[in-house]
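Novice: Pasting in a structure now, in structure tokens, and then I'll have a few things to ask.
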Amino acid sequence: MLLVLLAVSFIVYFIFIVIPGGDPAQRIAGKVATQANILAIRKKLGLDQSFIVQWYDLVKALFTAKLVSYSNQTNVVDQIKQGLPATFSLAIGAGIIWFGFGVLVGTISAVTAGRISDRAITALALIGISMPVAWLGLILRFFLAGDGGSGVSWFPDGGYVPLSANPAQWFYHLILPWLTLAVLFIGFYGRVLRSNILDTINEDFVRTAKAKGLSSRRILVKHVLRASLIPIVTLFGLDFASVLGGGAIITETVYNLHGVGWYAAQSIASEDLPPLMGVTLFGAMFIVVFSLLVDIAYAYLDPRIRLS
Amino acid sequence: MAERLLEVKDLNVKFATEDGIVQAVDGISFDLERGKVLGIVGESGSGKSVTAMTLMGLTRGINARFDGEVLYKGTDLLQVSDRDMQNYRGNELGIIFQDPMTSLNPVYRIGEQIAEAIQAHENVGKRAARARTIELLRQVGIPNPESRVDDFPHQFSGGMRQRAMIAMALSCNPSILIADEPTTALDVTIQAQIVELVSRLKDDFDSAVIFITHDLGVIADIADEIIVMYAGRVVERGSKRDVFYDPQMPYTWGLLGSIPRLDRPRPERLHTIEGSPPSLINPPEGCKFRPRCPHAFDRCMQEPGLENRVETPGHLDRCWLDVDYKREHRDETISGGSTEAA
Amino acid sequence: MATTGQEEFTLDTAAELAAKEGGSQIQGKSPWVLAGRRMRRNYVSLAFLGIFLLIVISCLLAPLYVSQVSHIPQNDVRTGATVVEHGKTVNVISQGGTKIVNGVPQIVFGGVPIGAQWGAAGGKYVLGADELGRDVGTRLLYGGRNSLFIGVTSAAICTTLSVVLALLAGYFGGIVDWIISRFFDLVWAFPVVLLGIALGTALSVNGFHHGPINVSSGSLWIPIGVISFVFIPYIGRPLRGQVLALRNREFIEAATAQGAGPVRIMFSELLPNVASSVLVLFTLIVANSILTEVGLSFLGAGVQLPNPSWGTMIQEGSKLLSTAPQISLFPGIAIALTVLSLNVFGDGLRDALDPRAKIRIEHG
Ligand SMILES: Nc1ncnc2c1ncn2[C@@H]1O[C@H](COP(=O)(O)OP(=O)(O)OP(=O)(O)O)[C@@H](O)[C@H]1O
Ligand code: SF4
Ligand SMILES: [Mg+2]
């Protein structure tokens, strides 16, 4: 795993230092940098040295929390830390919603395959995965929140209230972002689960369960769902990690949630690369760690792996 | 006369598929009495499994249609609702499938899976179900059942898995045990053990057995009556003696020729029937075996009925050939002396 | 689950079909023919393919729309202009002013662009204007050209690269497979949008100038490159698995025995066998690429202004949602419709060709 992280950091180095060409120091410093900044970066990142050294220095700067944004001189690692509560709140709430509803919707759809409810769910799921998140967020916010001009203001107009400050407001502010983020995943998980279930139903062991005289409900829950959910767990691990690591940039931006993804988005316009570097590495770290967790969960769910 | 458990009358099973209607089972009839073993043989695709699964209501679905009757102790199982069918499955009829690896759920312990069957039909506690499970595993010959009961399927060998499947099928003491090619996936020495086990348990549990196989040799010792199936139809039916020593259908000869026999000179190479089974969507006209039959003649364009054509009553076949002609020529096929073995 | 439900029984239709198509002849036809037949019967899928093609054609005809209908070119800024609406002259941008919100008067900064005119202004501003007085209808079509171009091109590049990598990995195995698989793992380890904006931003600083490739910083090829890169493992991984499974089948051994070289085997033996999956995955990746373009452009790391794309239009309109919702609304509908039609068509294709092909998506 350390190896993967090392490789990941190399990719980050590659993206930000090698790909663009030109003077990296000037580029990293962004549009608003001063000559002094550029010199400082050149020295800090050892840009006059060989690429191994450069890479090493970059990683060191990141892990020792010394990487600094040049548009406002703030420390990248500190900023990421500040974004964590908002991002985690978004990820955990949305994750619960999308996993729960995804499983529910997929199961209903598979069990009633071919009937009206299945068709309706399939249609809705397809629409769900076809809407751009940015647009969905904007529209929901416009129609349902704040002074949007629609006359309806059931929800607050974006922003994040810390859980510790006011739990009710925290929840209230997060409802729309949770839903926005969850819609795509519900549609997707529902569809994947539906097809998994329909595949599993044809497995020999399900036929055995039927031949034992078990009730349809028990067959579904104990034998079919258990097997069909295993691939969903992998999917969930990766997607959840991605959102935890700041991957929900669009949702965070649309709702002005000052999380990790939002922080990354802010530096795009100023072409301020250090925050992007930091967040990218941070996001990848989550995925790598969660891949490991998924493997462990897998072993738990599937004894063939556990015992071998 | 022993109690008649099962009476299948003119059973038809059709499936609607994209390519047309598959007539998987085409008007088959048979009876089964307590304590007897009925063998069903036929090549792959002849409708053996569909027959077996239909008895248990496992082929039901929106694309399946059934005709005829499956009378179990007088009740027509084809008319029983899905919900009521649960009480028959496992409880009255048990089944073992061909591949014991995929037929067991890989994520649950062997014991859990057997106990689950017991608890589905009887109001017993976890502990009692477990004790019964261990006893069943002992009966099917699993060494050390107290500890093996907590193993997962992948920790069992193929033969042991099939034993566990048998324990599961017998767990609620069904009157009929259906074994659908239970030995095909196993190697030869274990095959014999499993057949022997089924035959012994049949007596212990006082049940009847339907033993399905494509290899007549497997049921040579245990079957009382044998049905030979081809393209969804019964093409020959009779006692074990009839089928082995006085086979009337060229197709049966082919099946007999494909097993190594100790009482006959060993053929140069094992015979297989040439050609492949017909389409069940557009079956050939007349005798279904005609396209592959080396003895076919013009009359075979009409389908022969399933009739008694020999001296022994109850020995039925579907072949137009003259009985004496057949008795003269069948050995060429059976002992592999004929040319089409090449 | 199992029902005796005779009412849904399709025996009759199946029989008709078999009779019509000559029963047993059907068996033994190639999978493509069978798939084609299934596809032809899937009217929903075909209808959505029609919608997609209609959208593509409309966007391609954008210049015609300008010359015949709107008479306002895509990047034409008309802040001070007026149009004649039902005989009355109105400003395209009503300057400043106040607006009552919940009883409280608020100052509106900037202007309020004119809303959708439909037919009222003689073809001008059919879908309204944006903050610079540009014609939203015109830009929607031109933006569509860009978005569709990016979507299709990047999906094509991505698919081609992934197929080649998957074939190499699956065919050679060993160290080649190890390297390619680790590469997939690595790219897979980044959240898609994050990697997208990282690459997009890094590239838009100076463009890309390495070796023979020279791409300047505002170019459409930047989002295309970025999107085709980030999705490589999404196609490459499932395909590699399939190739690996095919590798040991007899027909490949037969071809090797006949002296076919690696390239021959990869492209004329292995490729045709995974082609159906490739086609399905391609359709789904086009849909995903279009959505990703929207995300990147919305965040400012995709298509660069003043080029319109559906993503940039949504982004531009997001500031004016309360006064001029048309700017974001219409491109959003256009995207949803396009992506939906691709998804439905792709689904039909999958059912017909390769029921196992699945793809993980993620747009946060
Ligand atoms: N659900 C179904 N839908 C359509 N066709 C089916 C269905 N089930 C079975 N069939 C078809 O019915 C025919 C008989 O199949 P069956 O499984 O009974 O053969 P079998 O004699 O058991 O062969 P094997 O020795 O391979 O097990 C086959 O051609 C099969 O394709
Ligand atoms: S009826 Fe004719 S074709 Fe059929 S088995 Fe007898 S001889 Fe052969
Ligand atoms: Mg079978």
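The values are calculated or read from the model by the stated rules, or taken from the named source; none is laboratory data. Keep in mind the model is a prediction, meaning the values are calculated, not measured. Glycine gets a Cβ as well: all are built from the backbone with ideal geometry, and neighbour counts include every protein chain shown. Keep in mind that these areas ignore ligands, DNA and RNA; they rest on the heavy atoms of the full protein, side chains included. Shrake-Rupley method; radii C 1.70, N 1.55, O 1.52, S 1.80 Å.
Novice: Residues of region B:1-83: accessible area per residue at 1.4 Å, in Å²?
Specialist: Working: 3020 Å² over 83 residues.
With all protein chains present, region B:1-83 gives 36 Å² per residue.
Novice: Once R0 is set to 35 Å, what does the formula 1/(1 + (r/R0)^6) return for the Cβ-Cβ distance between A:Asp157 and A:Ser117, expressed as a FRET efficiency to the nearest 0.05?
Specialist: 0.50
Novice: Of all accessible surface on region B:1-134 at a 1.4 Å probe, what whole percent is carbon and sulfur? Write out the running numbers ahead of the final one.
Specialist: Numbers: 2250 of 5070 Å².
C and S atoms contribute 44 percent here.
Novice: Here's another thing I want to ask about it. Set the Förster distance to 45 Å, then compute FRET efficiency between C:Trp178 and B:Asn12 from the Cβ-Cβ distance, nearest 0.05. Mind showing how you got there, number by number?
Specialist: Values: r = 56 Å, r/R0 = 1.25.
Computed FRET efficiency for C:Trp178 and B:Asn12 comes out at 0.20.
Novice: Need the C-alpha centroid separation for region C:284-308 versus region A:84-133, integer Å.
Specialist: 24 Å
Novice: What is the local net charge at C:Leu148, summed over the other residues whose Cβ is closer than 15 Å to its Cβ (Lys, Arg +1; Asp, Glu -1)? Could the numbers behind the result be given before it?
Specialist: Values: positive: C:Arg139, C:Arg145; negative: C:Glu293.
Charge balance near C:Leu148 sits at +1.
Novice: Using θ = phi - 60° and the Karplus relation 6.51 cos²θ - 1.76 cosθ + 1.60, list the HN-Hα couplings for region A:158-164 in order, rounded to whole Hz, with x at every Gly or Pro.
Specialist: x, x, 10, 10, x, 4, 5
Novice: Note down the net charge around B:Leu71, summing +1 for each Lys or Arg and -1 for each Asp or Glu among other residues with Cβ under 12 Å from its Cβ.
Specialist: Surrounding charge for B:Leu71 is -2.
Novice: Also, I was wondering about something else. Compute accessible area for region B:107-123 by itself and then with all protein chains, 1.4 Å probe, and report residues whose area falls by 20 Å² or more.
Specialist: B:Val107, B:Tyr108, B:Glu116, B:Ala117, B:Ala120
Novice: I would also like to ask the following. Roughly how many Å is it from the Cα centre of region B:85-131 to that of region C:37-55, as a whole number?
Specialist: 47 Å
Novice: Can I ask one more? Treat each spin label as a single point 7 Å out from the Cα along the C-beta direction, and report the B:Asp67 to A:Asp199 distance in nm.
Specialist: With each label point 7 Å from Cα toward Cβ, the separation is 3.8 nm.
Novice: Summing Lys, Arg as +1 and Asp, Glu as -1, what charge do residues with Cβ under 14 Å from the Cβ of B:Ala128 carry, B:Ala128 excluded?
Specialist: Details: positive: B:Lys126, B:Arg127, B:Arg130, B:Arg132; negative: B:Glu116, B:Glu122, B:Glu135.
Within the 14 Å Cβ shell, the charges total +1.
Novice: Amide H neighbours of B:Arg309 under 5 Å, at least 5 residues apart or on other chains, H built in the peptide plane: list them.
Specialist: B:Asp317
Novice: Using a 1.4 Å probe and ignoring any ligands, DNA or RNA, find the accessible area of A:Lys222 and quote it in Å² to the nearest 10.
Specialist: My reading of the accessible area for A:Lys222 is about 50 Å².
Novice: Quote the total accessible area buried by chains A and C together, excluding ligands, DNA and RNA, probe 1.4 Å, nearest 100 Å². It would help to have the intermediate numbers written out before the result.
Specialist: Details: alone 16140 and 18730 Å², together 29810 Å².
Roughly 5100 Å².
Novice: Ok, one more. Checking buried surface per residue: for region A:273-301, which residues lose a minimum of 20 Å² accessible area in the protein assembly relative to the chain alone (1.4 Å probe)?
Specialist: Correct list: A:Leu273, A:Leu276, A:Thr280, A:Ala284, A:Ile287.
Novice: How big a patch of accessible area, both sides summed and in Å² to the nearest 100, lies buried between C and B at a 1.4 Å probe? Numbers along the way, then the final one.
Specialist: Numbers: alone 18730 and 15830 Å², together 32890 Å².
About 1700 Å² of accessible surface is lost on pairing.
Novice: On to the next question. Given a 1.4 Å probe, how much area per residue of region A:186-308 is accessible, in Å²?
Specialist: Values: 3950 Å² over 123 residues.
Counting only protein heavy atoms, the per-residue value for region A:186-308 is 32 Å².
Novice: Compare A:His258, B:His329, A:His223 by solvent-accessible area with a 1.4 Å probe and give them largest first, with all protein chains kept in place.
Specialist: Details: A:His258 90, B:His329 45, A:His223 5 Å².
Sorted descending by solvent-accessible area, the residues read A:His258, B:His329, A:His223.
Novice: Right, another one. Just which residues of region B:46-60 lose 40 Å² or more accessible area with every protein chain there, against their chain alone, with the probe set to 1.4 Å?
Specialist: B:Leu58, B:Arg60
Novice: Moving to a separate point now. Can you send over the carbon and sulfur percentage of the accessible area for region A:76-301, probe radius 1.4 Å, protein chains only?
Specialist: 69 percent
Novice: Next question, about the same structure. Mind giving me the FRET efficiency for C:Leu161 and A:Leu5? R0 is 25 Å, r the Cβ-Cβ distance, nearest 0.05 is fine. Could the numbers behind the result be given before it?
Specialist: On the way: r = 25 Å, r/R0 = 1.01.
Efficiency, rounded to the nearest 0.05: 0.50.
Novice: With each pseudo-label sitting 7 Å past Cα toward Cβ, what's the B:Asp331-A:Ala299 distance in nm, one decimal?
Specialist: Here the modelled spin labels are 6.6 nm apart.
Novice: Which value, in square angstrom to the nearest 100, describes the accessible area buried between chains B and A on both sides, using a 1.4 angstrom probe?
Specialist: Numbers: alone 15830 and 16140 Å², together 29770 Å².
So the total buried area for this chain pair works out to about 2200 Å².
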